[in-house]
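The values are calculated or read from the model by the stated rules, or taken from the named source; none is laboratory data. Just so it is clear, the structure is predicted and the values come from calculations on it, not from any experiment. Quick reminder, even Gly has a Cβ in these numbers, built from the backbone with ideal geometry, and neighbours come from all protein chains shown.
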Amino acid sequence: MGNTFNWRKIPWAKVLSVAFLVLFPLLVDSDYYRHLFIIALMWVVIGSSWNLLSGYTGQVSFGHAIFFGVGAYTAGLFTTKLSMSAWWGMLLGGPVSLLVGIVIGWICFRLRGPYFALATIAIGEIFRQVAENWISFTEGMQGILIIQTFRSKIPYYYLALGLAIACVGTIALVLRSKWGFYFIAIREDQDAAEALGISSYRYKSLSLMISSFFTGLAGAFYMNYMAFIDPQVVFSLHYISIMAILVGIIGGVGTIWGPAVGAFIMVLLQETFRSSFYGLVPRWVSEAHVLVFGLLVIFVIRYMANGMVGDWPKIQQLWSRPKAVSSPSVSGN
Amino acid sequence: MHFFETRRLTKAFGGLIAVNDVNFQVEEGEIYGLIGPNGSGKTTLFNLVTGFHPITSGAVRFQGKELNGLPTWKICKEGIGRTFQIVKPLRRMTVLENVMAAAFCRTSKTSIARDKALEVLHFCELDQKTDFAASGLTIGDRKRMEIARALATGPKLLLLDETMAGLTPQEQYEGVELIKKIRKSGITIIIVEHIMHVIMNLCDRILCINYGQEIVKGSPNEVANNQAVIEAYLGKE
Amino acid sequence: MQELIQALVAGVLMGGIYALIGIGMTLIMGVMKIINLAHGELMMVAMYITYVLAQYFGLDPYFSLLIAMPSLFIIGVLIQKYLLNPLLKVDSILPENQVLMTVGVGMVLTEVMRFIFQADFKSVKTSYSSTAFYLGTISFNLPMVVAFGIAVALTICLFYFLLKTDVGKSIRATAQNKEAALLMGINAEKITVMTYGLGASLAAASGTLLLPIYYLFPSIGGPFTLKAFVITMLGGMGSTVGAIVGGVVLGVAESLGATYIKMGLKDSVAMFIFLLVLIFLPGGLKRLTKV
């Protein structure tokens, strides 16, 4: 909906990318790249979830670390407190995070626009501080350490891929249904939506529930995969909440494939900087990676408001400069 | 029992009383006009009926049911559709999607909503524009789309808020025809309008308000010749 | 009892500085209708300016107000003019793109400072940093009292500016009703630029005043951005007088929290107040729900 993509051209590109992702761990025998792709797929889930709430429903969340962290801690605490497998915790990570989402929606959806955004930051910080200070329950800053189930990366890879496909697929289906129409209507004009019989509170909550569910699953997956979490990582404003926004806006808010594209761009970019361009440039460059993110935010918001996917026609235009590309806007006739 | 009525409807914004003790009744199948100078409280009255503003005192009854305190979306489900004076298109959706979003009010199935939307768009003579982005429409088409959207929610009562303002004479004529067609399909209408020939042409009865208070109620002729109405519009000599 | 009075005194003194942060945020929020998520970061930049002046030029922190405030005014003007105002012309799905932009600006400011000064804690020690005087048994930390005094003086100047000067009146008019202000011939772009500059220099003032009693590191801005928002919210949004009240309330609440609950949770106090107001006082937040 509202997507200016040329659909006749695209499907094979999508099919090929999914096929490539399915075959990737068999083609590339490198745990390093498998790891990068696992992390990127996890970000596909988080970015797409953020995008459903923020890009499609218009409720810009600065607090998705809440759901990621809650999912991760659910999985982790299940193992350490109940000595059950963290995989059970993984199943619960989604639902628990969804419940947290309902409560947060109840608190925050009374606010509109930027005030909603700020409320989510504040609640995210509360979660982080509680996780840091409630030592008897969360082990505080020490974090939670579990034992990984598999030594090979391949099972984790396919789990992440399955999660990503399930997430993007669910969102695509939801958007084609009544809910999707309602989400976008609320984003475009909440008053008009109410006048059309849409309970904005109910549908914002539904959007948040789907979003928090998948983000929670991603968090629980992270716990299982990394085997270590601490509050500063999983409840981080910068590394989770803001990163989710970056993934969304760089790929393209309000597009189904945008966050998936954004996730790979962001993860690979982050790694490129973190590793000082794989050792090609001096070490100090690696310290600039957050700075680069910041500059990227400024650049994208200023010049590419709809992200890589949303502004794809504009980007193509840059390549084929001589060709006069007709503007996609609709004239009055 | 009346189809729709307000009883002693009052709204105060702080110290300012925007709607003061307004009583009127609308019967099924009627076109009821609401007129008054700018700022006389017409839009506020619509906002009270549709739950956008909480009512200070008094009551709104529709088909024997009290609407006080219901949220806007529930009032829509009860069967009251409305348009906005300043149109509110869902800008990044197409015309069809705009109307479909409204049609989901009565169904959860996408295919049924689509059929309903296409039917309404045909009724409103917007079939040629279904795939246009709502942001790209002319003002006349936007107003028409607002009506189509309100109709797609399946209302029994339709509140039209200045749907003719800013239109060309030709578009006004077409608008009047559309409203007549809507009434013929069995929908009761309350209309707020400044353009006098439109309102005199369409309405069975008219209520004129000023400063949120009733000046006079009656047939178009009675209202047009009423001294208080003329004074409200033109000022006292 | 003495402990209580001591906590209250410390809270009120801190509240004076918080009020300055809050007023800056309130002005920006009122005129641009956006939340400035780079507010604490602007303050942090001013703190580093003061730090450099004190460390390498031996300048007294209070004297460097005269340099830090104009510097931040200029930085603020540039941000508004070249980064925030152009966004008004961009059609974006997210209506909050100006807010997102301030996030980007905040990140860049933080990271540039981290790049230059590294992440370690810095502080400016003056001869009077730990001087205190006593009224009865209650101690008054000298730098805090001075900071409070300067904060009050700056606030009075600001009110004079807003109430008596043409630019100040234009800012107030724009905050009250933007469309009407435009119709009255107010140059909105100039006003937004002025306001952001002013907000930034007020943040600079609070940062500079804080430095002798606080420590400094690049990511100190984030928590202060949140505090600034809590203050404006407590004060009832868009009211400069409210921001003063909000600042003092937050200062006192934090001081009491640190004294009676747990030092480590001091920064959470602001967040909890925020949440409590949100849940239990939604009526008091009416302005919030209609943007």
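Quick check, is A:V44 surrounded by fewer than 24 Cβ atoms within 10 Å (Cβ to Cβ) and over 27 Å from A:E132 (Cβ atoms)?
So A:V44 does not fit the description; no.
Out of the helices (runs of 4 or more DSSP H) lying entirely within region A:226-303, which hold 2 or more residues that are of a type in the set (G, A, S)? Before you say what the answer is, go through the steps one by one.
On the way: elements: A:231-234, A:243-251, A:258-274, A:276-279, A:289-303.
By residue number, A:243-251, A:258-274, A:276-279.
Can you tell me how many residues in region B:85-101 are at the interface with chain A (Cβ under 7 Å from one of its Cβ atoms) and part of a loop (DSSP other than H, G, I, E, B)? Walk me through it before giving the result.
Step one: filter region B:85-101 for residues at the interface with chain A (Cβ under 7 Å from one of its Cβ atoms), giving B:88, B:90-93, B:97, B:100-101.
With the extra rule that they be part of a loop (DSSP other than H, G, I, E, B), the set shrinks to B:88, B:90-93.
The total comes to 5.
For region C:105-212, please list each of the helices (runs of 4 or more DSSP H) lying entirely inside it that holds at least 1 residues being closer than 19 Å to C:K227 by Cβ and touching a residue at least 40 places away in the same chain (Cβ under 8 Å). Give the derivation first.
Working: elements: C:142-164, C:166-176, C:178-183, C:188-210.
In region C:105-212, C:142-164, C:188-210 are the helices (runs of 4 or more DSSP H) which contain 1 or more residues that are closer than 19 Å to C:K227 by Cβ and touching a residue at least 40 places away in the same chain (Cβ under 8 Å).
Filter region C:27-39 for residues that are closer than 19 Å to C:L158 by Cα and either among the small types (G, A, S) or over 9 Å from the mean Cα position of the chain (by Cα) (or both) and give the result.
Filtering region C:27-39 for residues closer than 19 Å to C:L158 by Cα gives C:27-32, C:39.
Across region C:27-39, the qualifying residues are C:L27, C:I28, C:M29, C:G30, C:V31, C:M32.
Could you check region A:109-120 and list, in sequence order, the residues that are assigned to a helix (DSSP H, G or I) and either modelled with pLDDT under 85 or surrounded by fewer than 23 Cβ atoms within 10 Å (Cβ to Cβ) (or both)?
If we filter region A:109-120 for residues that are assigned to a helix (DSSP H, G or I), which is where we start, we get A:113-120.
Of everything in region A:109-120, those that are assigned to a helix (DSSP H, G or I) and either modelled with pLDDT under 85 or surrounded by fewer than 23 Cβ atoms within 10 Å (Cβ to Cβ) (or both) turn out to be A:G113, A:P114, A:Y115, A:F116, A:A117, A:L118, A:A119.
Would you be able to tell me the number of residues in region A:25-49 that are touching a Pro at 6+ places or on another chain (Cβ under 7 Å) and of a type in the set (G, A, S)? Break it down stepwise before answering.
Kept after step one, since they are touching a Pro at 6+ places or on another chain (Cβ under 7 Å), are these residues of region A:25-49: A:34, A:44, A:47-48.
After this cut, where a residue has to be of a type in the set (G, A, S) as well, the list is A:47-48.
Within region A:25-49, residues that are touching a Pro at 6+ places or on another chain (Cβ under 7 Å) and of a type in the set (G, A, S) number 2.
Within region B:116-127, identify whether any single residue is touching a residue at least 40 places away in the same chain (Cβ under 8 Å), at the interface with chain A (Cβ under 8 Å from one of its Cβ atoms) and within 29 Å of B:H194 (Cα to Cα), and answer yes or no.
no
Select from region B:34-48 the residues that are closer than 11 Å to B:E193 by Cα and buried (at least 22 other Cβ atoms within 10 Å of the Cβ) and list them in ascending order.
Within region B:34-48, B:L34, B:I35, B:G36, B:K42 meet the criteria.
Restricting attention to region A:22-60, which residues are within 25 Å of C:N97 (Cα to Cα) and β-branched (V, I, T)?
A:V44, A:V45, A:I46, A:T57, A:V60
Looking at region C:71-104 only, could you name the residues that are in contact (Cβ under 8 Å) with a residue 60 or more places away in the chain, in contact with a helix residue (DSSP H, G or I) (Cβ under 7 Å, 6 or more places away or on another chain), among the polar types (S, T, N, Q) and crowded, with 19+ Cβ neighbours inside 10 Å?
C:Q80, C:Q98
Please go through region B:36-69 and give me each residue that is within 14 Å of chain A (Cβ to nearest Cβ) and not in a loop (DSSP other than H, G, I, E, B), ordered by number.
Scanning region B:36-69 gives B:T43, B:F46, B:N47, B:L48, B:V49.
Taking region A:83-99 as the search range and keeping residues that are touching a Gly at 6+ places or on another chain (Cβ under 8 Å) and at pLDDT 90 or above, which one is surrounded by the most Cβ atoms within 10 Å (Cβ to Cβ)?
A:G93
Condition check: exposed (fewer than 15 other Cβ atoms within 10 Å of the Cβ), away from chain A (no Cβ under 14 Å) and aliphatic (A, V, I, L, M). Does B:L16 satisfy that? Give the steps one after another, and end with the answer.
Numbers: exposed (fewer than 15 other Cβ atoms within 10 Å of the Cβ): yes; away from chain A (no Cβ under 14 Å): yes; aliphatic (A, V, I, L, M): yes.
So B:L16 fits the description; yes.
Give me the pairs: first residue in region C:28-41 and surrounded by fewer than 24 Cβ atoms within 10 Å (Cβ to Cβ), second residue not in a helix (DSSP H, G or I), beta-carbon distance under 6 Å, and six or more apart or on different chains, which are they?
Filtered contacts from region C:28-41: C:G30/C:G238.
Just wondering, is there one or more residues in region A:41-64 that are of a type outside the set (S, T, Y) and without any contact (Cβ under 8 Å) to a residue 60 or more places away in the chain? Quick ask: steps written out before the conclusion?
First, pick out the residues of region A:41-64 that are of a type outside the set (S, T, Y): A:41-47, A:50-53, A:55, A:58-60, A:62-64.
Next, from what is left, pick out any that are without any contact (Cβ under 8 Å) to a residue 60 or more places away in the chain: none.
No, region A:41-64 contains no residue that is of a type outside the set (S, T, Y) and without any contact (Cβ under 8 Å) to a residue 60 or more places away in the chain.
Among the residues of region B:19-40, write down those that are at pLDDT below 90 and of a type outside the set (S, T, Y). Please lay out each step first, then the result.
Going residue by residue through region B:19-40, those that are at pLDDT below 90 are B:36-40.
Scanning region B:19-40 gives B:G36, B:P37, B:N38, B:G39.
Report yes if some residue within region C:188-206 is at pLDDT below 80 and either under 27 Å from A:L237 (Cβ atoms) or surrounded by 13 or more Cβ atoms within 10 Å (Cβ to Cβ) (or both); otherwise report no. Can you show your working first?
Restricting attention to region C:188-206, the residues satisfying the condition of being at pLDDT below 80 are C:188.
Filter once more, keeping what is either under 27 Å from A:L237 (Cβ atoms) or surrounded by 13 or more Cβ atoms within 10 Å (Cβ to Cβ) (or both): C:188.
So far as region C:188-206 goes, yes, one or more of its residues are at pLDDT below 80 and either under 27 Å from A:L237 (Cβ atoms) or surrounded by 13 or more Cβ atoms within 10 Å (Cβ to Cβ) (or both).
Of the residues that make up region A:306-324, is at least one buried (at least 17 other Cβ atoms within 10 Å of the Cβ), within 7 Å of another protein chain (Cβ to nearest Cβ) and at pLDDT 80 or above? Explain how you work it out, then say what you get.
We begin by selecting, within region A:306-324, every residue buried (at least 17 other Cβ atoms within 10 Å of the Cβ); these are A:306-312.
Filter once more, so that each one left must be within 7 Å of another protein chain (Cβ to nearest Cβ): A:306.
Those left that are additionally at pLDDT 80 or above: A:306.
Taking every residue of region A:306-324 in turn, at least one turns out to be buried (at least 17 other Cβ atoms within 10 Å of the Cβ), within 7 Å of another protein chain (Cβ to nearest Cβ) and at pLDDT 80 or above.
Tell me, which residue of region A:139-197 that is in a loop (DSSP other than H, G, I, E, B) and either of a type in the set (S, T, N, Q) or within 11 Å of chain B (Cβ to nearest Cβ) (or both) is surrounded by the fewest Cβ atoms within 10 Å (Cβ to Cβ)? Quick ask: steps written out before the conclusion?
Initially, region A:139-197 is screened for residues in a loop (DSSP other than H, G, I, E, B), giving A:139, A:143, A:146-153, A:177, A:189, A:196-197.
Keeping just the survivors that are either of a type in the set (S, T, N, Q) or within 11 Å of chain B (Cβ to nearest Cβ) (or both) gives A:148-149, A:152, A:177, A:189, A:196-197.
Details: A:Q148: 12, A:T149: 13, A:S152: 10, A:S177: 15, A:D189: 18, A:L196: 29, A:G197: 27.
By that ranking, first place goes to A:S152.
Could you list, in sequence order, all residues of region C:223-238 that are in a helix (DSSP H, G or I) and surrounded by 21 or more Cβ atoms within 10 Å (Cβ to Cβ)? It would help to see each step written out before you state the result.
Here is the first cut: in region C:223-238, the ones in a helix (DSSP H, G or I) are C:223-234.
Once the filter is applied, which keeps residues that are in a helix (DSSP H, G or I) and surrounded by 21 or more Cβ atoms within 10 Å (Cβ to Cβ), region C:223-238 yields C:F224, C:T225, C:L226, C:K227, C:A228, C:F229, C:V230, C:I231, C:T232, C:M233, C:L234.
Considering only region A:36-59, I want to know if a residue exists there that is touching a strand residue (DSSP E or B) at 6+ places or on another chain (Cβ under 7 Å), assigned to a helix (DSSP H, G or I) and β-branched (V, I, T). First the steps, then the outcome.
Going through region A:36-59, the residues touching a strand residue (DSSP E or B) at 6+ places or on another chain (Cβ under 7 Å) turn out to be none.
So far as region A:36-59 goes, no, none of its residues is touching a strand residue (DSSP E or B) at 6+ places or on another chain (Cβ under 7 Å), assigned to a helix (DSSP H, G or I) and β-branched (V, I, T).
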